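Data block below; observations after.
The values are calculated or read from the model by the stated rules, or taken from the named source; none is laboratory data. Computed from a predicted structure; not experimentally measured. As a convention, Cβ positions derive from the backbone with ideal geometry for all residues, glycine included, and neighbour counts pool all protein chains shown.
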Amino acid sequence: MINKIRKADIKIIKGRINMDKYIHKVNYYETDKMGVTHHSNYVRWMEEARIDFLDKIGLGYKKLEEDGIISPVISVECEYKAPTTFEDKIEVSIEVEEYSGVRLILKYTMTNVENGKIVLTGRTKHCFVDKENKPIILKKTFPNVDKKLKEMSK
C-alpha cells in the first residue's frame with residue numbers, strides 16, 4: 001500500500017498542493033574549471049528533488065517499484081537562467097504540470113536562496129511500465145496512484 005501524505009510536509013494554496021522545498025548545496029566537485037556548476041548536475045538535482053517530492057506525497061520510488069510500477073524518464077528539458085557556484089544553496093520546487101493516466105510531466109524551478117534569482121526552469125516527462133517494461137495504465141492497474149496524481153495535477 002502507498003504511504004499517506006504527511007500533513008506537515010504540505011500546504012494547500014489555491015487548489016494546489018505546495019510542498020516544502022528541496023534545498024541542494026552546490027558541492028565543489030559539481031563545479032568546473034571556470035568555477036561554475038557544470039550543466040549536467042542540474043539534471044541530478046531534478047532527480048533528487050523528484051525523489052523527495054514523491055516520498056512526501058506518499059509515492060516514493062522504492063514503494064512504487066515494490067508495487068510493480070516503474071516510471072522512467074522519457075524526456076528532460078532544462079533552460080539555464082543564471083550560473084551557480086560552490087556552496088550556493090539552491091531551492092528546487094517541483095509540481096505536477098500534467099498527468100494523463102499514462103504520462104506524467106513534472107515542472108521544476110530552481111532558485112538561488114541567497115539572491116532569489118531563478119537559475120533554471122525545467123521539465124521531465126515520464127511514462128509508467130511494469131517490471132517487464134510493458135506500458136501500464138495506472139487507472140486500471142493502480143487506481144490509488146492514479147487518483148493521487150490526478151489530484152496533484154488540478
Going through region 78-121 in order, the residues found to be surrounded by 15 or more Cβ atoms within 10 Å (Cβ to Cβ) and without any contact (Cβ under 8 Å) to a residue 12 or more places away in the chain are none
Answer yes or no: is there a residue in region 142-154 that is small (Gly, Ala, Ser), touching a strand residue (DSSP E or B) at 6+ places or on another chain (Cβ under 6 Å) and not in a helix (DSSP H, G or I). no
Given the criterion part of a strand (DSSP E or B), in contact with a Ser or Thr (Cβ under 9 Å, 6 or more places away or on another chain) and under 22 Å from LYS25 (Cβ atoms), identify the matching residue among ILE105, ILE94, ILE74. ILE94
Within region 1-31, restricting to residues that are surrounded by 12 or more Cβ atoms within 10 Å (Cβ to Cβ) and modelled with pLDDT of 95 or more, the one that is nearest to the chain's Cα centre (by Cα) is TYR22
